[in-house]
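What follows is a single structure, written as structure tokens, with notes after it.
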């Protein structure tokens, strides 16, 4: 089957993509703020107990995020004057309202990230998914006081109908397709939609949980990623998305290396510390129409 969502468009054949104030790299923190149901298996640090009900080992590990890790992250982002792009499960709005309260004080961007991270969309019918997504978006809008503009699926899951349903609900960008260093338009039947870059590799779940890398490894990977994008950004603006989970990266022995990496990045000039919302707005204002004319999305 052919990919109907987007067309091949090599980065070397695109018009010059510029960022505000001559920045080379736009950095945003994709902060996953999630809820997990206690009786379903999910992201685990030890697979041996993952199917048990209850599973204190893995559930408790994940539950460190809203109880402790997120508050450590808030202090760190405040230190660098950064706003989070929060990938928000709608269940968080009524289960952990204190997080919403503090995020609003910091003007965080709220993106829809499903109901919780125990429910995936794959296999839903269009009618079922439309109702599910409408409930997620409505709950986040009411709970945060702001309508979400962006979407990341739980475990980056979608159906073939997801982008079009989201566009019909008023969302304007998705993060699930980790295939680029710049935004680009995609095809939907209603409204308009773009992909904003996200990363499944520069992501603490992948690096720490899947690959068991160390804090120093993490620091060096972030520095290497930034250095290459910063060099390339002298010719074409680049997006650096950093996907983080407070129950992983904000464990004390890892947190210090995130602090060091952000310190390294923010010592450079020509870096736009921003949110995925602001990246999407910038692209729509200056590049979307030209891109659609060029590739026919």
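Listed values, structure above:
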item: Residue identified as in contact (Cβ under 8 Å) with a residue 40 or more places away in the chain, part of a helix (DSSP H, G or I) and either in contact with a strand residue (DSSP E or B) (Cβ under 6 Å, 6 or more places away or on another chain) or closer than 20 Å to residue 255 by Cβ (or both) among 70, 100; result: 70
item: Only one of 121, 98, 102 that is surrounded by fewer than 15 Cβ atoms within 10 Å (Cβ to Cβ) and touching a helix residue (DSSP H, G or I) at 6+ places or on another chain (Cβ under 7 Å); result: 102
item: Residue tally, condition in a loop (DSSP other than H, G, I, E, B) and either in contact (Cβ under 8 Å) with a residue 60 or more places away in the chain or in contact with a strand residue (DSSP E or B) (Cβ under 6 Å, 6 or more places away or on another chain) (or both), over segment 103-118; result: 5
item: Residues of segment 124-149 classified as in a loop (DSSP other than H, G, I, E, B) and touching a helix residue (DSSP H, G or I) at 6+ places or on another chain (Cβ under 9 Å), total; result: 6
item: Out of 239, 221, 265, sole residue that is closer than 28 Å to residue 117 by Cα, at pLDDT 95 or above and assigned to a helix (DSSP H, G or I); result: 221
item: When residues of segment 269-297 are limited to those that are touching a residue at least 40 places away in the same chain (Cβ under 8 Å) and part of a loop (DSSP other than H, G, I, E, B), the one nearest to the chain's Cα centre (by Cα); result: 275
item: Count of segment 30-47 residues which are part of a loop (DSSP other than H, G, I, E, B), under 21 Å from the mean Cα position of the chain (by Cα) and within 30 Å of residue 78 (Cβ to Cβ); result: 5
item: Matching option when the condition is over 27 Å from residue 110 (Cβ atoms) and either in contact with a strand residue (DSSP E or B) (Cβ under 7 Å, 6 or more places away or on another chain) or crowded, with 16+ Cβ neighbours inside 10 Å (or both), among 283, 230; result: 230
item: Residue match in segment 149-168 (condition: free of Cβ contacts under 8 Å to residues at least 24 places away in the same chain and under 20 Å from residue 239 (Cβ atoms)); result: no
item: Filter pass, residue 76 being surrounded by 20 or more Cβ atoms within 10 Å (Cβ to Cβ), at pLDDT 95 or above and under 22 Å from residue 240 (Cβ atoms); result: no
item: Residue selected from segment 80-95 under the condition assigned to a helix (DSSP H, G or I) and out of contact with any strand residue (DSSP E or B) (no Cβ under 8 Å at 6 or more places or on another chain), by the criterion surrounded by the most Cβ atoms within 10 Å (Cβ to Cβ); result: 93
item: Out of 77, 52, 27, sole residue that is in contact with a strand residue (DSSP E or B) (Cβ under 8 Å, 6 or more places away or on another chain) and outside any helix (DSSP H, G or I); result: 27
item: Segment 201-213 - residue that is surrounded by 14 or more Cβ atoms within 10 Å (Cβ to Cβ) and outside any helix (DSSP H, G or I) and, of those, nearest to the chain's Cα centre (by Cα); result: 203
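The values are calculated or read from the model by the stated rules, or taken from the named source; none is laboratory data. Here the structure is a predicted model, which means the values were calculated and not measured. Every residue, glycine as well, gets a Cβ built from its backbone with ideal geometry; the counts of neighbours run over all protein chains shown.
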